[in-house]
Amino acid sequence: MSMIDREPQALDVLDDAGRKVLFTEARTANAFAATPVADDELATIWELARWSPSAANGQPLRVLFVRTHAGKERLSRHLDEGNRAKTLSAPAVAILAYDVDFHEQMPTVFPARGDMLRAAFADQTVKRESLAAYNSALQTGVFLLAVRAGGLAAGPMAGFDRAGVDEEFFAGTSWRSHLVVNIGHPGVDPWFPRLPRVPVEDAVAWA
């Protein structure tokens, strides 16, 4: 049978309940219940998030899960004042970072061209930084969906001192922080009012 004669592959379709959990009814949480989040739950989040697409399969996203009160105290010192209480009350927090030396993993993640890509990126520090930042942002979107898929709420926050967090947690490494995500079960009044979306006619074009 030729490629032309083959039936197209039918992909599964997410049902309405799944779409609500991941998209239409998902919200950013601002208050969390005291219900613990187990390490196994956090590991499952990563098991889903790690399948995100990224350029040349470079996978620059890195995650530090902060679960202890002492760890959250260390982190809170570098957060904007309005974010500190939320983080201290969250059962778990993920510091999402990107690895500027992601190219060192290319022989593992792209075996067919890995050695060539690692060598090509070796002296391109500015380009690596740009690629790592962009692709980790792409992976971050999938990470937030993975949190929701595990029956948990996410509270992503960009209001923090990145240099301070990097010095506190990633000194001497090639990791650079770019987002803090509180993780847990929703607490009392966890949601701000739903804000409008950009009108379809202003956001979507057809060619």
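Taking interchain pairs and intrachain pairs at least six residues apart, which have beta carbon atoms under 9 angstrom, with the first residue in region 116-142 and closer than 28 Å to V180 by Cβ and the second among the aromatic types (F, W, Y) and open to solvent by 40 Å² or more (accessible area, probe 1.4 Å)?
So the pair list comes out as V142/W51.
Looking at L88, L117, L96 in this structure, which one is among the aliphatic types (A, V, I, L, M) and open to solvent by 50 Å² or more (accessible area, probe 1.4 Å)?
L88
When you scan region 74-85, do you find a residue that is surrounded by fewer than 16 Cβ atoms within 10 Å (Cβ to Cβ), closer than 30 Å to P193 by Cβ and not acidic (D, E), even just one?
The answer is yes; a qualifying residue exists.
Of the residues A33, A85, A92, only one is within 16 Å of G155 (Cβ to Cβ) and free of Cβ contacts under 8 Å to residues at least 12 places away in the same chain; which?
A85
Give A132, A137 a once-over and let me know the one that is within 16 Å of the chain's Cα centre (by Cα), open to solvent by 40 Å² or more (accessible area, probe 1.4 Å) and within 15 Å of L61 (Cα to Cα).
A137
So, D123, is that one among the acidic types (D, E), more than 15 Å from A29 (Cβ to Cβ) and open to solvent by 60 Å² or more (accessible area, probe 1.4 Å) or not?
yes
Right, T108: open to solvent by 60 Å² or more (accessible area, probe 1.4 Å) and in contact (Cβ under 8 Å) with a residue 24 or more places away in the chain or not?
No, not satisfied.
Somewhere in region 168-184, is a residue of a type in the set (D, E, K, R), open to solvent by 20 Å² or more (accessible area, probe 1.4 Å) and either closer than 21 Å to A85 by Cβ or not in a strand (DSSP E or B) (or both)?
Yes, region 168-184 contains a residue that is of a type in the set (D, E, K, R), open to solvent by 20 Å² or more (accessible area, probe 1.4 Å) and either closer than 21 Å to A85 by Cβ or not in a strand (DSSP E or B) (or both).
Restricting attention to region 143-159, which residues are open to solvent by less than 40 Å² (accessible area, probe 1.4 Å) and either assigned to a helix (DSSP H, G or I) or farther than 16 Å from T28 by Cβ (or both)?
Matches in region 143-159: F143, L144, A146, V147.
The values are calculated or read from the model by the stated rules, or taken from the named source; none is laboratory data. Nothing here was measured: the structure is a model prediction, and the numbers come from that model. Note that each Cβ is placed from the backbone with ideal geometry, even for glycine, and that neighbours are counted across all protein chains shown. SASA here: full protein model, heavy atoms, side chains in, ligands and nucleic acids out. Shrake-Rupley method; radii C 1.70, N 1.55, O 1.52, S 1.80 Å.
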